[in-house]
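Accompanying notes for the structure given below.
Just so it is clear, none of the values below were taken in a lab; they were calculated from the coordinates. Model, not experiment: these values are computed from the prediction. With ideal geometry, Cβ positions are generated from the backbone for all residues, glycine too; neighbour counts draw on all protein chains shown.
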Amino acid sequence: MELLDKLNWRYATKAMNGESVAEEKVAKIIEAARLAPTSSGLQPFEIIVVKNKELKEKIKAVGWNQSVITDCSHLLVFAAWDTYTEDRINYMFDLTNEIRGFKNEGWENYRQMLLGAYPQKDAEENFNHAARQAYIAFGMAIAAAAFEGVDATPIEGFDPASVDEILDLKSKGLRSAILLPLGYRNAENDWLEPLVKVRKSTEDLVTVME
Ligand SMILES: Cc1cc2nc3c(=O)[nH]c(=O)nc-3n(C[C@H](O)[C@H](O)[C@H](O)COP(=O)(O)O)c2cc1C
């Protein structure tokens with residue numbers, strides 16, 4: 001199947017059947033998220049993989065009681081940095097120097113520019129920027145899940161502060177942004193499964209300026 005066929009196959013699954021997704025498939029989905037581009041390459045988020053039944057139950061209770069949170073196999077929690085700090089910025093720049101094996105003046109100047117701009121900003125503004133980067137990886141994970149024939153439900157319908165508490169994210173300087181349960185559809189019990197996908201037309205989406 002082509003990527004577009006797989007994107008047509010996927011949908012925001014409303015009912016899952018509890019079947020386990022093989023760890024190799026989950027690893028590929030997470031790898032797609034890891035490979036996502038991010039602003040300045042900072043990857044300002046982490047992915048928490050919740051397999052524990054009790055934790056899933058607790059998250060479901062603050063996640064609009066959406067059944068896929070407990071009936072999924074793996075619940076991915078995309079948690080963004082609560083702000084940009086000097087340490088966090090330096091870590092990624094140092095990692096780049098280490099992996100590439102050289103230092104570059106332009107890159108070091110860019111580091112200083114970010115150090116002079118981000119840590120001083122309002123934490124909420126920084127979190128929102130970081131969360132936008134997490135969404136890019138989230139989109140990659142959704143596409144990768146479809147590619148692997150794994151169902152996934154993008155979820156924003158939850159109380160982030162409660163999830164942060166359940167997973168003790170505050171102590172790690174993280175805030176939950178979005179959830180992605182991975183599993184397999186329970187087609188008979190899913191009202192959405194037989195319905196046609198609805199998207200606005202390409203004409204309404206795209207303006208070409210020649
Ligand atoms: C960021 C985001 C948050 C969403 N939150 C929820 C949610 O909490 N619960 C849910 O059932 N669907 C949720 N959806 C699914 C959308 O409603 C769905 O993707 C959209 O209607 C398009 O349908 P499709 O994904 O089935 O093609 C969310 C989607 C996105 C991208």
Most fluctuating residue given options L179, L95, L114, as computed from a GNM of the chain linking Cα atoms under 10 Å: L95
Förster-model FRET efficiency, 30 Å R0, N90 and E23, C-beta, rounded to 0.05: 0.35
Least to most buried among T207, T38, T83 (fewest other Cβ within 10 Å first): T207, T38, T83
Length-normalised contact order of segment 45-129 in % [C-alpha pairs under 8 Å, at least 6 apart]: 32 percent
Helix 86-100 vs. the chain, principal-axis angle (Cα, 0 to 90°, nearest 10): 90 degrees
Loop trypsin sites (Lys or Arg not before Pro), segment 165-210, which have at most 11 other Cβ atoms in a 10 Å radius of their Cβ (DSSP): K197, R199, K200
GNM result for the chain, Cα springs below 10 Å: residue of A12, A146, A130 fluctuating most strongly: A12
Summed side-chain charge close to E124 - residues other than E124 whose Cβ falls under 11 Å, Lys, Arg +1, Asp, Glu -1: -1
Residues listed by number, segment 174-197, amide nitrogen under 20 Å from A12 label point at 7 Å toward C-beta: 176-197
Relative contact order of the chain, pairs being alpha-carbon contacts under 8 Å that are 6 or more residues apart, as %: 37 percent
Isotropically averaged projected area of segment 1-156, using the convex hull of Cα atoms (one quarter of hull area), nm²: 11.1 nm²
Long-range amide H partners of D82 with built H, under 5 Å: L174, R175
Cβ-Cβ FRET estimate between E105 and L35, R0 fixed at 22 Å, reported to 0.05: 0.20
Low-density loop positions, trypsin sites (Lys or Arg not before Pro), segment 27-57 - DSSP coil, at most 14 other Cβ in 10 Å: K51
For the chain, calculated [θ]222 nm from helices alone, where every DSSP H run of n ≥ 4 adds -39500 (n - 2.57): -13500 deg cm²/dmol
Along the chain, longest interval not containing exposed chymotrypsin sites (Phe, Trp or Tyr not before Pro), exposed being DSSP loop plus at most 11 other Cβ atoms within 10 Å: 1-101
Distance between segment 2-21 and segment 100-162 - C-alpha centres, whole angstrom: 24 Å
Evaluated at q = 0.17, 0.24 Å⁻¹: base-10 log I(q)/I(0), Debye formula over Cα of segment 24-104: -0.83, -1.14
Potential lengthening between E193 and I136 on full extension [0.36 nm per residue; Cα-Cα distance subtracted]: 18.0 nm
Segment 144-201: GluC sites (Glu not before Pro) in DSSP coil with no more than 14 other Cβ atoms inside 10 Å: E156
Per-residue HN-Hα couplings for segment 31-41 [Karplus 6.51, -1.76, 1.60; θ = phi - 60°; Hz; x = Gly/Pro]: 5, 4, 5, 5, 7, 4, x, 9, 4, 6, x
FRET E, pair A161, V208, Förster distance 41 Å, beta-carbon r, rounded to 0.05: 0.45
